[in-house]
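The values are calculated or read from the model by the stated rules, or taken from the named source; none is laboratory data. All values derive from a computational prediction rather than experimental measurement. Counting neighbours? That spans all protein chains shown, and the Cβs are built from the backbone with ideal geometry, glycine included. All accessible areas refer to the heavy atoms of the entire protein, side chains included, with ligands and DNA or RNA removed. Shrake-Rupley method; radii C 1.70, N 1.55, O 1.52, S 1.80 Å.
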Amino acid sequence: MTQEQQAFEPVPLDVLIIGAGLSGIGAAHALSAQCPDKRYLILERRQAIGGTWDLFRYPGIRSDSDMYTLSYSYKPWTNRKSIADGPDIKRYIEEIAEDSGAIHNIRFQRRVVSANWSSERARWEVVAVTTDASGQEQEEHYQARFLFSCSGYYSYDEGYRPQFPNENAFKGQIIHPQFWPENLDYSGKRVIVIGSGATAVTLVPAMAKTAAHVTMLQRTPSYVVTRPQRDGIAQTLQKWMPLQAAHSLTRWKNVFLTQFFYRVARNRPEQFKERVLHMVKTQIGDVDMKHFTPDYKPWDQRVCAVPDGDLFRDVRAGRASVVTDTIDSFTETGIRLSSGEELEADIVVTATGLKVNALGDVTVSVDGAPMLFNERMSYKGMMLSDVPNMIVTFGYTNASWTLKAELTANYACRLLRYMDKHNYREAVVRRDASVQEQPFLDFTSGYVQRAANVLPKQGDRAPWQLHQNYLKDKFTIQYGRIDDGVMQFQ
(Lines give C-alpha, C1' and ligand atoms only; values in the text may rest on other atoms or scores of the structure.)
Protein backbone atom coordinates (compact mmCIF):
# COMPACT_ATOMS: atom_id res chain seq x y z
CA MET A 1 0.00 0.00 0.00
CA THR A 2 1.37 3.41 -0.92
CA GLN A 3 1.69 6.31 1.49
CA GLU A 4 -1.17 8.10 -0.20
CA GLN A 5 -3.67 5.29 0.39
CA GLN A 6 -5.29 6.58 3.53
CA ALA A 7 -8.94 5.80 2.88
CA PHE A 8 -10.37 2.33 3.21
CA GLU A 9 -13.43 0.70 1.76
CA PRO A 10 -15.50 -0.95 4.51
CA VAL A 11 -14.35 -4.58 4.01
CA PRO A 12 -12.33 -6.65 3.69
CA LEU A 13 -8.76 -5.73 4.37
CA ASP A 14 -6.00 -8.01 3.16
CA VAL A 15 -4.13 -7.83 6.47
CA LEU A 16 -5.10 -6.51 9.88
CA ILE A 17 -2.11 -5.85 12.16
CA ILE A 18 -2.61 -5.69 15.93
CA GLY A 19 -0.10 -3.38 17.61
CA ALA A 20 1.99 -0.41 16.47
CA GLY A 21 5.19 -1.25 18.29
CA LEU A 22 8.51 -2.39 16.88
CA SER A 23 6.96 -5.59 15.44
CA GLY A 24 3.78 -4.02 14.07
CA ILE A 25 5.51 -1.14 12.30
CA GLY A 26 8.07 -3.60 10.95
CA ALA A 27 5.24 -5.79 9.59
CA ALA A 28 3.67 -2.77 7.93
CA HIS A 29 6.98 -1.81 6.33
CA ALA A 30 7.38 -5.34 4.94
CA LEU A 31 3.89 -5.26 3.45
CA SER A 32 4.49 -1.86 1.85
CA ALA A 33 7.79 -2.96 0.35
CA GLN A 34 7.01 -6.56 -0.66
CA CYS A 35 3.21 -6.62 -1.13
CA PRO A 36 2.37 -3.07 -2.21
CA ASP A 37 -1.01 -4.18 -3.56
CA LYS A 38 -2.20 -5.35 -0.13
CA ARG A 39 -4.57 -3.19 1.89
CA TYR A 40 -3.67 -3.25 5.57
CA LEU A 41 -4.61 -1.48 8.74
CA ILE A 42 -2.94 -1.32 12.16
CA LEU A 43 -5.07 -1.22 15.29
CA GLU A 44 -3.22 0.24 18.28
CA ARG A 45 -4.81 0.40 21.72
CA ARG A 46 -2.68 3.35 22.85
CA GLN A 47 -2.50 6.87 21.46
CA ALA A 48 1.09 6.58 20.27
CA ILE A 49 3.49 4.47 18.24
CA GLY A 50 6.17 2.50 20.05
CA GLY A 51 4.60 -0.31 22.07
CA THR A 52 7.00 -1.23 24.86
CA TRP A 53 9.11 1.83 24.14
CA ASP A 54 6.15 4.15 24.62
CA LEU A 55 4.63 2.31 27.58
CA PHE A 56 7.67 2.17 29.85
CA ARG A 57 8.75 5.53 31.26
CA TYR A 58 10.87 4.57 34.24
CA PRO A 59 14.30 6.20 34.71
CA GLY A 60 17.03 4.91 32.42
CA ILE A 61 14.71 2.74 30.28
CA ARG A 62 16.93 1.22 27.60
CA SER A 63 17.46 -1.80 25.39
CA ASP A 64 19.29 -4.82 26.75
CA SER A 65 20.23 -5.85 23.20
CA ASP A 66 22.58 -4.00 20.91
CA MET A 67 20.77 -1.65 18.55
CA TYR A 68 22.47 -2.96 15.42
CA THR A 69 20.44 -6.17 15.82
CA LEU A 70 17.42 -4.63 17.58
CA SER A 71 17.08 -2.30 14.59
CA TYR A 72 15.91 -3.55 11.20
CA SER A 73 18.25 -4.58 8.40
CA TYR A 74 16.86 -1.93 6.02
CA LYS A 75 16.96 0.99 8.46
CA PRO A 76 20.53 1.65 9.70
CA TRP A 77 20.98 2.61 13.32
CA THR A 78 22.84 5.95 13.28
CA ASN A 79 22.75 6.89 16.96
CA ARG A 80 26.19 6.55 18.56
CA LYS A 81 24.80 4.50 21.45
CA SER A 82 24.81 0.76 20.86
CA ILE A 83 22.76 0.21 24.04
CA ALA A 84 20.08 2.80 23.40
CA ASP A 85 17.66 4.73 25.57
CA GLY A 86 13.93 4.12 25.26
CA PRO A 87 13.09 7.53 23.72
CA ASP A 88 15.72 6.98 20.99
CA ILE A 89 14.21 3.58 20.13
CA LYS A 90 10.73 5.10 20.02
CA ARG A 91 11.96 7.77 17.57
CA TYR A 92 13.51 5.04 15.42
CA ILE A 93 10.15 3.24 15.22
CA GLU A 94 8.39 6.50 14.36
CA GLU A 95 10.84 7.10 11.52
CA ILE A 96 10.07 3.67 10.02
CA ALA A 97 6.35 4.43 10.28
CA GLU A 98 6.89 7.69 8.40
CA ASP A 99 9.22 6.17 5.79
CA SER A 100 6.88 3.28 4.98
CA GLY A 101 3.64 5.25 5.11
CA ALA A 102 2.41 3.06 7.97
CA ILE A 103 1.65 6.19 9.99
CA HIS A 104 -1.35 6.80 7.72
CA ASN A 105 -2.72 3.30 8.26
CA ILE A 106 -2.86 3.28 12.06
CA ARG A 107 -6.08 3.60 14.01
CA PHE A 108 -5.17 4.62 17.55
CA GLN A 109 -7.10 3.87 20.74
CA ARG A 110 -8.56 0.69 19.28
CA ARG A 111 -8.41 -2.20 21.72
CA VAL A 112 -9.01 -5.48 19.93
CA VAL A 113 -11.23 -7.70 22.09
CA SER A 114 -12.15 -10.61 19.81
CA ALA A 115 -11.30 -12.23 16.49
CA ASN A 116 -13.27 -15.06 14.87
CA TRP A 117 -12.18 -16.93 11.75
CA SER A 118 -15.04 -17.69 9.40
CA SER A 119 -14.24 -20.66 7.17
CA GLU A 120 -17.31 -19.95 5.06
CA ARG A 121 -16.16 -16.43 4.24
CA ALA A 122 -12.42 -17.16 4.53
CA ARG A 123 -11.77 -14.09 6.60
CA TRP A 124 -11.28 -12.85 10.14
CA GLU A 125 -14.09 -10.97 11.82
CA VAL A 126 -12.55 -8.66 14.40
CA VAL A 127 -14.16 -6.55 17.10
CA ALA A 128 -12.34 -3.58 18.62
CA VAL A 129 -13.43 -1.14 21.29
CA THR A 130 -12.77 2.59 21.12
CA THR A 131 -13.63 5.36 23.55
CA ASP A 132 -15.25 8.55 22.27
CA ALA A 133 -14.76 12.08 23.59
CA SER A 134 -17.47 11.63 26.22
CA GLY A 135 -15.82 8.50 27.60
CA GLN A 136 -18.35 6.10 26.11
CA GLU A 137 -17.05 2.84 24.67
CA GLN A 138 -18.08 1.89 21.17
CA GLU A 139 -17.53 -1.27 19.18
CA GLU A 140 -15.98 -1.26 15.73
CA HIS A 141 -16.02 -4.23 13.36
CA TYR A 142 -13.31 -5.14 10.88
CA GLN A 143 -12.84 -7.95 8.41
CA ALA A 144 -9.52 -9.14 7.03
CA ARG A 145 -8.19 -12.08 5.09
CA PHE A 146 -5.09 -12.28 7.31
CA LEU A 147 -4.54 -11.45 10.98
CA PHE A 148 -1.05 -10.41 12.06
CA SER A 149 -0.61 -10.32 15.84
CA CYS A 150 2.21 -7.96 16.86
CA SER A 151 1.00 -7.21 20.37
CA GLY A 152 3.93 -8.77 22.22
CA TYR A 153 3.70 -11.26 25.04
CA TYR A 154 2.90 -9.34 28.21
CA SER A 155 -0.04 -7.44 29.65
CA TYR A 156 -0.05 -3.66 29.33
CA ASP A 157 -2.72 -3.42 32.03
CA GLU A 158 -0.84 -5.09 34.87
CA GLY A 159 2.65 -6.21 35.72
CA TYR A 160 3.60 -9.12 37.90
CA ARG A 161 3.21 -7.79 41.40
CA PRO A 162 3.47 -10.16 44.38
CA GLN A 163 1.95 -8.91 47.62
CA PHE A 164 4.38 -8.58 50.52
CA PRO A 165 3.45 -8.84 54.21
CA ASN A 166 2.40 -5.63 55.96
CA GLU A 167 2.76 -3.38 52.89
CA ASN A 168 0.12 -0.99 54.22
CA ALA A 169 2.37 -0.09 57.14
CA PHE A 170 4.94 1.54 54.86
CA LYS A 171 4.71 5.34 54.96
CA GLY A 172 6.58 5.92 51.71
CA GLN A 173 5.70 5.22 48.07
CA ILE A 174 5.49 1.79 46.44
CA ILE A 175 5.85 1.91 42.64
CA HIS A 176 5.82 -0.67 39.87
CA PRO A 177 8.10 0.33 36.95
CA GLN A 178 5.40 -0.42 34.38
CA PHE A 179 3.29 2.39 35.85
CA TRP A 180 5.88 5.02 36.68
CA PRO A 181 4.39 8.24 38.10
CA GLU A 182 5.02 11.29 35.97
CA ASN A 183 7.48 13.77 37.50
CA LEU A 184 8.36 11.56 40.47
CA ASP A 185 11.03 13.34 42.51
CA TYR A 186 13.43 10.84 44.06
CA SER A 187 16.38 13.20 44.48
CA GLY A 188 17.87 12.87 47.94
CA LYS A 189 15.59 9.93 48.71
CA ARG A 190 16.47 6.43 49.91
CA VAL A 191 15.29 3.91 47.34
CA ILE A 192 14.91 0.13 47.42
CA VAL A 193 14.51 -1.65 44.08
CA ILE A 194 13.11 -5.16 44.52
CA GLY A 195 14.37 -7.41 41.74
CA SER A 196 17.50 -8.52 39.90
CA GLY A 197 16.50 -8.60 36.24
CA ALA A 198 16.96 -6.18 33.36
CA THR A 199 14.60 -3.58 34.81
CA ALA A 200 16.32 -3.56 38.20
CA VAL A 201 19.86 -3.26 36.81
CA THR A 202 18.63 -0.37 34.66
CA LEU A 203 16.82 1.48 37.42
CA VAL A 204 19.57 1.32 40.04
CA PRO A 205 22.27 3.33 38.20
CA ALA A 206 19.70 5.72 36.72
CA MET A 207 18.21 6.58 40.11
CA ALA A 208 21.59 6.58 41.87
CA LYS A 209 22.51 9.76 39.98
CA THR A 210 20.31 11.88 42.26
CA ALA A 211 18.95 9.59 45.00
CA ALA A 212 20.57 9.57 48.43
CA HIS A 213 21.18 5.83 48.03
CA VAL A 214 19.70 2.98 46.01
CA THR A 215 19.59 -0.62 47.24
CA MET A 216 18.90 -3.49 44.85
CA LEU A 217 17.15 -6.12 46.97
CA GLN A 218 17.20 -9.49 45.26
CA ARG A 219 16.00 -12.92 46.24
CA THR A 220 18.50 -14.56 43.88
CA PRO A 221 21.30 -13.05 41.77
CA SER A 222 21.32 -12.81 37.98
CA TYR A 223 24.20 -12.92 35.54
CA VAL A 224 25.24 -9.35 34.83
CA VAL A 225 27.80 -8.48 32.17
CA THR A 226 29.28 -5.23 30.92
CA ARG A 227 28.69 -4.22 27.32
CA PRO A 228 30.19 -1.14 25.69
CA GLN A 229 27.82 1.79 25.33
CA ARG A 230 29.30 2.47 21.91
CA ASP A 231 30.44 -0.02 19.27
CA GLY A 232 33.88 1.12 18.13
CA ILE A 233 33.90 -1.17 15.10
CA ALA A 234 30.51 0.17 13.98
CA GLN A 235 31.70 3.75 14.31
CA THR A 236 34.83 3.02 12.27
CA LEU A 237 32.88 1.21 9.54
CA GLN A 238 30.49 4.14 9.24
CA LYS A 239 33.41 6.48 8.59
CA TRP A 240 34.80 4.44 5.72
CA MET A 241 31.82 2.69 4.16
CA PRO A 242 28.32 3.56 2.90
CA LEU A 243 25.93 3.64 5.85
CA GLN A 244 23.82 0.66 4.74
CA ALA A 245 26.90 -1.52 4.15
CA ALA A 246 28.39 -0.53 7.52
CA HIS A 247 25.09 -1.30 9.25
CA SER A 248 24.84 -4.71 7.58
CA LEU A 249 28.39 -5.71 8.50
CA THR A 250 27.96 -4.56 12.09
CA ARG A 251 24.65 -6.40 12.34
CA TRP A 252 26.14 -9.66 11.12
CA LYS A 253 29.17 -9.23 13.39
CA ASN A 254 26.88 -8.92 16.39
CA VAL A 255 24.68 -11.81 15.28
CA PHE A 256 27.69 -14.13 15.03
CA LEU A 257 29.19 -12.93 18.32
CA THR A 258 25.89 -13.34 20.17
CA GLN A 259 25.41 -16.85 18.79
CA PHE A 260 29.02 -17.77 19.56
CA PHE A 261 28.86 -16.69 23.20
CA TYR A 262 25.44 -18.30 23.65
CA ARG A 263 26.73 -21.64 22.35
CA VAL A 264 29.81 -21.42 24.57
CA ALA A 265 27.58 -20.66 27.57
CA ARG A 266 25.34 -23.65 26.87
CA ASN A 267 28.10 -26.11 25.98
CA ARG A 268 30.61 -25.07 28.65
CA PRO A 269 28.52 -23.48 31.38
CA GLU A 270 31.05 -23.76 34.21
CA GLN A 271 33.86 -22.16 32.22
CA PHE A 272 31.53 -19.43 30.98
CA LYS A 273 30.26 -18.77 34.49
CA GLU A 274 33.81 -18.55 35.83
CA ARG A 275 34.74 -16.04 33.16
CA VAL A 276 31.68 -13.85 33.79
CA LEU A 277 32.26 -13.81 37.54
CA HIS A 278 35.92 -12.94 37.01
CA MET A 279 34.88 -9.96 34.87
CA VAL A 280 32.43 -8.83 37.55
CA LYS A 281 35.05 -9.15 40.28
CA THR A 282 37.52 -6.96 38.41
CA GLN A 283 34.88 -4.23 38.07
CA ILE A 284 33.00 -4.42 41.35
CA GLY A 285 35.94 -4.37 43.71
CA ASP A 286 35.61 -5.34 47.37
CA VAL A 287 32.04 -6.67 47.33
CA ASP A 288 30.80 -10.09 48.41
CA MET A 289 30.51 -12.04 45.14
CA LYS A 290 27.51 -14.00 46.44
CA HIS A 291 25.40 -11.07 45.20
CA PHE A 292 26.51 -11.75 41.61
CA THR A 293 26.77 -15.54 41.63
CA PRO A 294 23.55 -17.20 40.38
CA ASP A 295 22.69 -20.79 41.27
CA TYR A 296 21.65 -21.62 37.70
CA LYS A 297 23.53 -22.08 34.45
CA PRO A 298 24.19 -19.15 32.11
CA TRP A 299 21.23 -18.52 29.78
CA ASP A 300 18.84 -20.64 31.80
CA GLN A 301 17.59 -17.09 32.26
CA ARG A 302 18.36 -14.02 30.18
CA VAL A 303 21.75 -12.43 30.90
CA CYS A 304 21.53 -8.77 31.98
CA ALA A 305 23.69 -6.23 30.19
CA VAL A 306 24.93 -3.01 31.80
CA PRO A 307 26.43 -0.41 29.44
CA ASP A 308 30.00 0.52 30.37
CA GLY A 309 29.51 -1.21 33.75
CA ASP A 310 27.36 1.59 35.17
CA LEU A 311 25.82 -0.62 37.88
CA PHE A 312 29.24 -1.84 39.03
CA ARG A 313 30.56 1.70 39.06
CA ASP A 314 27.77 2.93 41.35
CA VAL A 315 28.16 -0.01 43.73
CA ARG A 316 31.91 0.56 43.86
CA ALA A 317 31.39 4.27 44.59
CA GLY A 318 28.87 3.56 47.37
CA ARG A 319 25.93 5.24 45.62
CA ALA A 320 24.23 1.85 45.33
CA SER A 321 24.38 -1.50 47.06
CA VAL A 322 23.13 -5.01 46.48
CA VAL A 323 21.43 -7.13 49.16
CA THR A 324 20.54 -10.79 48.67
CA ASP A 325 17.78 -11.87 51.02
CA THR A 326 14.04 -12.47 51.23
CA ILE A 327 11.41 -10.10 52.61
CA ASP A 328 9.95 -10.79 56.03
CA SER A 329 7.64 -7.78 56.01
CA PHE A 330 7.35 -4.09 55.29
CA THR A 331 7.70 -1.65 58.15
CA GLU A 332 6.76 2.02 58.49
CA THR A 333 10.21 3.07 57.34
CA GLY A 334 11.26 0.33 54.95
CA ILE A 335 11.63 -3.44 54.72
CA ARG A 336 12.55 -6.04 57.32
CA LEU A 337 14.47 -8.97 55.82
CA SER A 338 14.30 -12.63 56.81
CA SER A 339 17.79 -12.27 58.26
CA GLY A 340 16.48 -9.63 60.67
CA GLU A 341 18.20 -6.74 58.94
CA GLU A 342 16.10 -3.68 58.18
CA LEU A 343 16.49 -1.53 55.08
CA GLU A 344 15.20 2.03 55.34
CA ALA A 345 13.53 3.62 52.35
CA ASP A 346 11.42 6.53 51.20
CA ILE A 347 10.51 4.80 47.93
CA VAL A 348 10.21 1.09 47.11
CA VAL A 349 10.20 0.04 43.46
CA THR A 350 8.81 -3.43 42.75
CA ALA A 351 10.77 -4.46 39.65
CA THR A 352 9.23 -7.90 40.00
CA GLY A 353 8.52 -8.61 36.36
CA LEU A 354 5.88 -8.88 33.67
CA LYS A 355 2.58 -10.68 33.44
CA VAL A 356 2.60 -12.80 30.31
CA ASN A 357 -0.61 -12.97 28.30
CA ALA A 358 -1.72 -14.50 25.03
CA LEU A 359 -2.25 -12.41 21.90
CA GLY A 360 -2.80 -9.22 23.86
CA ASP A 361 -5.78 -10.75 25.70
CA VAL A 362 -7.74 -11.01 22.45
CA THR A 363 -10.40 -13.73 22.54
CA VAL A 364 -9.74 -15.83 19.43
CA SER A 365 -12.11 -18.38 17.93
CA VAL A 366 -12.34 -20.49 14.79
CA ASP A 367 -15.87 -20.79 13.40
CA GLY A 368 -17.15 -19.77 16.81
CA ALA A 369 -15.15 -22.39 18.74
CA PRO A 370 -12.79 -20.80 21.30
CA MET A 371 -9.09 -21.11 20.50
CA LEU A 372 -7.09 -21.78 23.65
CA PHE A 373 -3.54 -20.55 23.13
CA ASN A 374 -1.94 -23.13 25.42
CA GLU A 375 -3.56 -26.01 23.53
CA ARG A 376 -1.95 -25.03 20.22
CA MET A 377 1.44 -25.98 18.86
CA SER A 378 3.68 -23.35 17.35
CA TYR A 379 4.74 -23.76 13.72
CA LYS A 380 8.22 -22.28 13.12
CA GLY A 381 7.50 -19.92 16.00
CA MET A 382 5.13 -17.93 13.74
CA MET A 383 1.78 -19.71 13.33
CA LEU A 384 -0.49 -21.82 15.51
CA SER A 385 -1.83 -25.26 14.74
CA ASP A 386 -5.36 -25.36 13.28
CA VAL A 387 -5.69 -21.56 13.21
CA PRO A 388 -5.94 -20.35 9.59
CA ASN A 389 -4.42 -17.19 8.14
CA MET A 390 -2.85 -15.89 11.34
CA ILE A 391 0.75 -14.88 11.96
CA VAL A 392 2.07 -14.33 15.50
CA THR A 393 5.29 -12.42 16.12
CA PHE A 394 7.42 -13.75 18.96
CA GLY A 395 11.07 -12.75 19.11
CA TYR A 396 14.14 -14.38 20.58
CA THR A 397 14.93 -14.73 24.26
CA ASN A 398 18.68 -15.10 23.68
CA ALA A 399 19.07 -12.36 21.05
CA SER A 400 17.31 -9.26 19.75
CA TRP A 401 13.55 -9.50 19.37
CA THR A 402 13.67 -7.77 15.99
CA LEU A 403 15.77 -10.46 14.33
CA LYS A 404 12.85 -12.90 14.54
CA ALA A 405 10.24 -10.18 13.99
CA GLU A 406 11.80 -9.26 10.64
CA LEU A 407 12.00 -12.90 9.55
CA THR A 408 8.35 -13.33 10.53
CA ALA A 409 7.21 -10.27 8.56
CA ASN A 410 9.15 -11.38 5.49
CA TYR A 411 7.67 -14.88 5.75
CA ALA A 412 4.15 -13.43 5.96
CA CYS A 413 4.77 -11.55 2.71
CA ARG A 414 6.14 -14.69 1.02
CA LEU A 415 3.08 -16.61 2.15
CA LEU A 416 0.70 -13.96 0.84
CA ARG A 417 2.41 -13.86 -2.55
CA TYR A 418 2.40 -17.67 -2.76
CA MET A 419 -1.32 -17.78 -2.00
CA ASP A 420 -2.03 -15.13 -4.62
CA LYS A 421 -0.03 -17.03 -7.22
CA HIS A 422 -2.01 -20.23 -6.62
CA ASN A 423 -5.38 -18.59 -5.94
CA TYR A 424 -5.56 -19.91 -2.36
CA ARG A 425 -7.81 -18.32 0.25
CA GLU A 426 -6.74 -20.24 3.34
CA ALA A 427 -3.43 -21.38 4.81
CA VAL A 428 -3.39 -23.53 7.93
CA VAL A 429 -1.03 -25.93 9.68
CA ARG A 430 -2.67 -29.06 11.05
CA ARG A 431 -1.30 -30.57 14.19
CA ASP A 432 0.41 -33.94 13.83
CA ALA A 433 -0.55 -36.25 16.70
CA SER A 434 2.81 -38.02 16.49
CA VAL A 435 4.71 -34.82 17.37
CA GLN A 436 5.44 -34.75 21.10
CA GLU A 437 4.78 -31.59 23.10
CA GLN A 438 7.57 -29.58 24.69
CA PRO A 439 7.53 -26.28 26.58
CA PHE A 440 7.41 -23.25 24.30
CA LEU A 441 10.47 -21.71 25.98
CA ASP A 442 13.38 -23.55 27.59
CA PHE A 443 13.83 -20.85 30.20
CA THR A 444 13.68 -20.84 34.00
CA SER A 445 12.86 -17.12 34.34
CA GLY A 446 9.93 -16.43 36.64
CA TYR A 447 7.77 -14.80 33.99
CA VAL A 448 8.18 -17.86 31.73
CA GLN A 449 7.42 -20.36 34.49
CA ARG A 450 4.33 -18.39 35.53
CA ALA A 451 3.12 -18.48 31.92
CA ALA A 452 3.36 -22.25 31.46
CA ASN A 453 -0.43 -22.46 31.12
CA VAL A 454 -0.64 -19.45 28.83
CA LEU A 455 1.97 -20.00 26.14
CA PRO A 456 1.52 -22.51 23.29
CA LYS A 457 3.63 -25.64 22.98
CA GLN A 458 6.45 -26.46 20.64
CA GLY A 459 7.13 -29.90 19.17
CA ASP A 460 10.03 -32.31 19.34
CA ARG A 461 10.91 -31.94 15.67
CA ALA A 462 10.77 -29.50 12.78
CA PRO A 463 8.83 -27.53 11.74
CA TRP A 464 7.22 -27.43 15.17
CA GLN A 465 10.41 -26.56 17.03
CA LEU A 466 11.15 -23.07 18.26
CA HIS A 467 14.77 -22.40 17.36
CA GLN A 468 16.58 -19.81 19.43
CA ASN A 469 18.99 -19.53 16.53
CA TYR A 470 18.79 -16.71 14.01
CA LEU A 471 21.08 -18.36 11.45
CA LYS A 472 19.03 -21.57 11.41
CA ASP A 473 15.76 -19.63 11.26
CA LYS A 474 17.00 -17.41 8.46
CA PHE A 475 17.71 -20.47 6.35
CA THR A 476 14.48 -22.34 7.11
CA ILE A 477 12.09 -19.36 7.23
CA GLN A 478 13.51 -17.12 4.53
CA TYR A 479 14.58 -19.79 2.05
CA GLY A 480 12.59 -22.89 3.00
CA ARG A 481 9.61 -24.05 0.95
CA ILE A 482 6.23 -22.49 1.73
CA ASP A 483 4.46 -25.68 0.65
CA ASP A 484 6.44 -27.94 2.97
CA GLY A 485 3.92 -30.74 3.37
CA VAL A 486 2.72 -29.39 6.73
CA MET A 487 1.12 -26.17 5.55
CA GLN A 488 -2.24 -26.89 3.93
CA PHE A 489 -4.02 -24.63 1.46
CA GLN A 490 -7.55 -24.21 0.21
Q: With a bin width of 10 angstrom, please list the P(r) values of the chain as percents of all Cα-Cα pairs, from the 0 bin to the one holding the largest distance.
A: 4, 18, 28, 26, 16, 7, 1, 0
**Q.** Per DSSP, loop trypsin sites (Lys or Arg not before Pro) in segment 208-287 with at most 16 further Cβ within 10 Å
**A.** 209, 219, 230
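Among all stretches of the chain without exposed GluC sites (Glu not before Pro) (DSSP loop, at most 16 other Cβ atoms within 10 Å), which one is longest? Intermediate values should be presented prior to the final figure.
Numbers: sites that count: 4, 120, 182, 332, 341, 426.
Formally, the longest exposed-site-free interval is 183-331.
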Q | Volume per residue that the Cα convex hull of segment 188-345 spans, once the total is divided by residue count, Å³ | A | 128 Å³
Q) Expressed as a whole percentage, what fraction of the accessible surface of segment 319-456 belongs to carbon and sulfur atoms when a 1.4 Å probe is rolled over the protein heavy atoms? A) 46 percent
Q | Rounded if a/c under 1.5, otherwise prolate or oblate - segment 372-412, Cα gyration tensor axes | A | oblate
Q: Mind running the shape call on segment 42-97? Use the C-alpha gyration tensor, a ≥ b ≥ c as the square roots of the eigenvalues: rounded below 1.5 for a/c, prolate if a/b tops b/c, oblate otherwise.
A: oblate
Q: Report the accessible area of residue 104, computed with a 1.4 Å probe over the heavy atoms of all protein chains in place, in Å² rounded to the nearest 10.
A: 60 Å²
**Q.** Ratio Rg/Rh, restricted to segment 208-256 and using Cα atoms, in which Rh is the Kirkwood radius
**A.** 1.26
(Q) If you count only protein heavy atoms with a 1.4 Å probe, what accessible area per residue comes out for segment 350-490, rounded to a whole Å²? (A) 41 Å²
Q | More than 13 angstrom apart: percent of Cα pairs within segment 146-201 | A | 75 percent
Q. What are the semi-axes of the equivalent ellipsoid of segment 174-236, taken as the square roots of 5 times the eigenvalues of the Cα gyration tensor, listed largest first and rounded to whole Å?
A. 25, 16, 12
Q: Compute from the Cα atoms of segment 276-318 the Rg and the Dmax, the latter being the longest Cα-Cα distance, and quote both in angstrom.
A: 10.8, 31
Q | Within straight-line cross-link reach of residue 297, lysines at Cα separation under 20 Å, skipping those fewer than 8 residues along the same chain | A | 273, 281
Q) Excluding same-chain residues fewer than 8 positions from residue 472, which aspartates and glutamates have a Cα within less than 18 Å of its Cα? A) 406, 442, 460, 484
Q: Return one whole number: the accessible area per residue of segment 164-286 in Å², for a 1.4 Å probe.
A: 53 Å²
**Q.** Equivalent-ellipsoid semi-axes of segment 323-406, from the Cα gyration tensor, Å, largest first
**A.** 43, 17, 11
(Q) I'd like the distance between the alpha-carbon centres of segment 381-414 and segment 357-374, rounded to an integer number of Å. (A) 17 Å
**Q.** Three-way shape label, segment 365-470, alpha-carbon gyration tensor, a/c 1.5
**A.** oblate
Q | Surface accessible to a 1.4 Å probe, residue 180 within the full protein complex, Å² | A | 40 Å²
Q | Heavy atoms of residue 482: accessible area, 1.4 Å probe, square angstrom to 10 | A | 10 Å²
Q | Mean projected area in nm² (Cα convex hull; one quarter of hull surface) for segment 288-433 | A | 14.8 nm²
